[in-house]
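Colleague: One structure is given below, represented as structure tokens, and several questions about it will come after.
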Amino acid sequence: MGFVQRLSVWGELVTFSHSVFALPFALIMVVHVSDTHPVRVAQISLLVLCVVMARTAAMAFNRYVDAEIDARNPRTNARSIPRGVVSKGGALTLVLVSSGVFLGGSAALGARCLALAPFVLIILLGYSFVKRFSALCHMVLGVALSLAPGGVWLALTGEWSWRPVPLMTAVALWVAGFDVLYSCQDIDFDRSSSLHSVPSVVGIRGARLLSLLLHCAALIALAVHGRVFGAGVAYGMGVVVFGALLMSQHLAVMRHGISCVNQVFLTRNGAASVLLLLFVIGDSLL
């Protein structure tokens, strides 16, 4: 197997393309903090490294822990470990390496970041076990990704503050909302395997309603974040575009059923986060 093929296999293992979910929100916090605090390129580079490595460790650990479950699920049995192109030992090695780089990057960002880094890893890696005993797994995933903008605030300001909380809340609600919708695909498998998820507890209709409510609440939290940081009209436009893309997912599912979730999941959520970042940058430049 050539280098490009190997890189593709490892990228598939951790679904590298899904980095567009957490990273733009980390960079949104960078932009807003830079309005009042000096920010160096080296700091931004370290923050990006930490976000990517933390997410890589979490995804590789999830694939490692869920290898047997993935092999039994018709939707996931073609993933890297079940089909034998990556070993469980290889996935665990990636977890350890990524975690080590994350800890190193955190140390370079300061003593406070290093002190909190192990607890961040506990949450990120611990998420993989939650579905085994609680349907709150979706919210735990949201909280895990929400740590990115919170960590950026602490790294760049060195201050404990409530100011990053609205953006962290928005990320947690947004992620939980789309994860609830995404997990509707596995409702039958989850029930037969005694795995906990919102759809397995309340059914697809209830899950769709909860997902919609979570996304509406996320938009409110984004509006609060804009007020806290004194964002302008361009930011407001970005929130409107973000919301429109979120609502388009719900309309697609309403019209075409759960079978279309996989098609709209990455494209619309990824586009929503990236476009919001671009509007934030534009707002900061105006």
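The values are calculated or read from the model by the stated rules, or taken from the named source; none is laboratory data. On a predicted model such as this, the values are computed, not experimentally measured, just so you know. Here the Cβ positions follow ideal geometry from the backbone for every residue, glycine too, while neighbour counts run over all protein chains shown.
Colleague: Are there any pairs, at least 6 apart or on different chains, whose C-beta atoms fall under 6 Å, with the first in the stretch 77-103 and touching a residue at least 40 places away in the same chain (Cβ under 8 Å) and the second aromatic (Phe, Trp, Tyr), and if so, which?
Modeller: ALA91/TYR64
Colleague: For the stretch 129-144, which positions are crowded, with 21+ Cβ neighbours inside 10 Å, closer than 17 Å to ARG63 by Cβ and in contact (Cβ under 8 Å) with a residue 40 or more places away in the chain?
Modeller: LYS131, CYS137, ALA144 - these are the residues of the stretch 129-144 that are crowded, with 21+ Cβ neighbours inside 10 Å, closer than 17 Å to ARG63 by Cβ and in contact (Cβ under 8 Å) with a residue 40 or more places away in the chain.
Colleague: Does ARG163 satisfy the condition of being part of a helix (DSSP H, G or I), of a type outside the set (Phe, Trp, Tyr) and out of contact with any strand residue (DSSP E or B) (no Cβ under 7 Å at 6 or more places or on another chain)?
Modeller: No.
Colleague: Go through LEU46, LEU23 for me and flag whichever is modelled with pLDDT of 95 or more and under 27 Å from VAL280 (Cβ atoms).
Modeller: Sole residue among the options that is modelled with pLDDT of 95 or more and under 27 Å from VAL280 (Cβ atoms): LEU46.
Colleague: Can ALA78 be described as hydrophobic (A, V, I, L, M, F, W, C) and at pLDDT below 95?
Modeller: yes
Colleague: Condition first: more than 21 Å from SER259 (Cα to Cα), more than 23 Å from the chain's Cα centre (by Cα) and surrounded by 17 or more Cβ atoms within 10 Å (Cβ to Cβ). Can you find one or more residues in the stretch 224-232 that meet it?
Modeller: yes
Colleague: When you check TRP153 against the structure, is it within 26 Å of CYS50 (Cβ to Cβ), in a loop (DSSP other than H, G, I, E, B), of a type in the set (Phe, Trp, Tyr) and modelled with pLDDT of 95 or more, yes or no?
Modeller: Judged against the criteria, TRP153 is not a match.
Colleague: Still on this model: Report yes if GLY270 is crowded, with 17+ Cβ neighbours inside 10 Å and either of a type outside the set (Lys, Arg) or modelled with pLDDT of 95 or more (or both), otherwise no.
Modeller: So GLY270 fits the description; yes.
Colleague: Which of the residues that make up the stretch 158-215 are of a type in the set (Ser, Thr, Tyr), more than 17 Å from ARG268 (Cβ to Cβ) and either modelled with pLDDT under 95 or surrounded by fewer than 20 Cβ atoms within 10 Å (Cβ to Cβ) (or both)?
Modeller: Residues satisfying the conditions are SER161, SER192, SER193, SER194.
Colleague: Also: Just checking, how many residues over the stretch 95-122 are surrounded by fewer than 16 Cβ atoms within 10 Å (Cβ to Cβ) and under 19 Å from the mean Cα position of the chain (by Cα)?
Modeller: 3
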